[in-house]
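The values are calculated or read from the model by the stated rules, or taken from the named source; none is laboratory data. From a predicted model like this one, the values you see are computed outputs, not experimental measurements. In this analysis, Cβ positions are derived from the backbone assuming ideal geometry, glycine residues included, and neighbour counts consider all displayed protein chains. SASA here: full protein model, heavy atoms, side chains in, ligands and nucleic acids out. Shrake-Rupley method; radii C 1.70, N 1.55, O 1.52, S 1.80 Å.
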Amino acid sequence: MRISLGPIQYYWPAEQIKSFYYQLRGKVELIYLGETVCGRRREMGPAEWVGLGKELAEEGHEVVLSALGLVEARSEAAQVKRLCENGDFMVEANDFTAISFLEANKTPFVAGPSLNIYSGRALREMQKLGARRWVPPVELPGQGLRQVLSEFAELSEDPMETEVYAYGRMPLAFSARCFTARHYGLGKDDCDFVCKNHPEGLGVVTRAGESFLTINGIQAQSFGCLNLLPALTDMKQMGVSAVRLSPRPVDMTEVVEAFRAGINGEDVQLTEPDPGMQCDGYWWGQPGCGSRAVENYQAET
């Protein structure tokens, strides 16, 4: 089982982006690069992502370029098209705009988590379009994933890699409206790029004072941080080939080392300083904001 670094979901300066990936050189096998949330975020363009990818590939990493999850304008479609025609790296398709370009050129791709694949039949159809690896939706329970893979195995003799989103704030939905700009009383097209003020999104609290979601531009995320370290044994039994760690503006070295140890069969724990920041409920078929790991810890103590 390999470890991947997913695409950065937040609006970070270019130097911070480069520094983040360089700090983790040699520590993971797979690296995803690219803007997946907002087409207005152009701190780095397709050519710059490809250039960074080439540097990381020379270090021995497998590099994948990730495309936007919501394409709303012709300029964004053109941006996705350039990414799909880069000629150097596989692309992660996060909506069917990218898939249309990739299928037309008969280019293999990674089917991203926002494509919402919930059955073996859907996965088989995606494979026919050119998918060679897929990332299940974050809300798909572990038992549901087992069923999808079982159904797919009956429909296809060709292999398909499965990569599970295992760490980081979960991407839940995209909207045509920019939540962060609205929070500041700004229009989407005149947002002043206020997302830069929130390197890990902006937390949303209910009127009752309970943590609810995180807003990140046009994206809604979980408030808590997903942590599927306790589920690695289940994933191995299913044949999951990679676990995805979503970048956060913290030292990710500890996270990578914990998952590496877990993959190697070591008994290791990785918890947030604030238990309310940890969640894994979806995997166990429970509300996504819940955490079996925290519940077990509280029961033991």
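The table that follows gives values for the structure above.
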| item | result |
| --- | --- |
| Rough spin-label spacing in nm, given labels placed 7 Å along Cα→Cβ, for Glu48 and Ala78 | 1.9 |
| Rh (Kirkwood; distinct C-alpha pairs) - the range 1-64, Å | 12.0 |
| Under-5 Å amide H pairs with Tyr165, H placed in peptide plane, nonlocal only | Arg244 |
| Dipole moment magnitude, nearest 20 debye, the chain about Cα centre, only Lys, Arg, Asp, Glu C-beta charged | 680 |
| Most positive-pole-ward Cα, Met277, Thr214, Met252, against dipole of the range 147-294 from beta carbon charges | Thr214 |
| Value of relative contact order over the range 125-211, rounded to a whole percent, pairs C-alpha under 8 Å and six or more apart | 24 |
| Within the range 87-169, trypsin sites (Lys or Arg not before Pro) in DSSP loop having at most 10 other beta-carbon neighbours inside 10 Å | Lys106 |
| Amide H contacts under 5 Å for Leu140, placed H, 5+ residues apart | none |
| Extension gain from Thr271 to Val204, taking 0.36 nm per residue of separation minus the Cα-Cα distance | 21.9 nm |
| The range 11-50 residues near the modelled Thr253 label - backbone nitrogen below 16 Å, point 7 Å along Cα→Cβ | 19-28 |
| Shape metrics for the range 31-125, restricted to C-alpha atoms - Rg then Dmax, Å | 13.1, 38 |
| Sequence of Met1, Met170 from largest to smallest accessible area, 1.4 Å probe | Met1, Met170 |
| The chain: Rg to Rh, with Rh as the Kirkwood radius over Cα pairs | 0.94 |
| Extension reserve of the Ser150-Asp192 stretch, reckoned as 0.36 nm per residue once the Cα distance is removed | 10.3 nm |
| Table column - 3J(HN,Hα) (Hz), the range 67-78, Karplus curve with 6.51, -1.76, 1.60, x for Gly and Pro | 9, 4, x, 9, 9, 10, 9, 4, 5, 6, 5, 5 |
| Gap separating the Cα centres of the range 58-129 and the range 193-235, nearest whole Å | 25 |
| The range 4-45, relative contact order [Cα under 8 Å, separation at least 6], % | 61 |
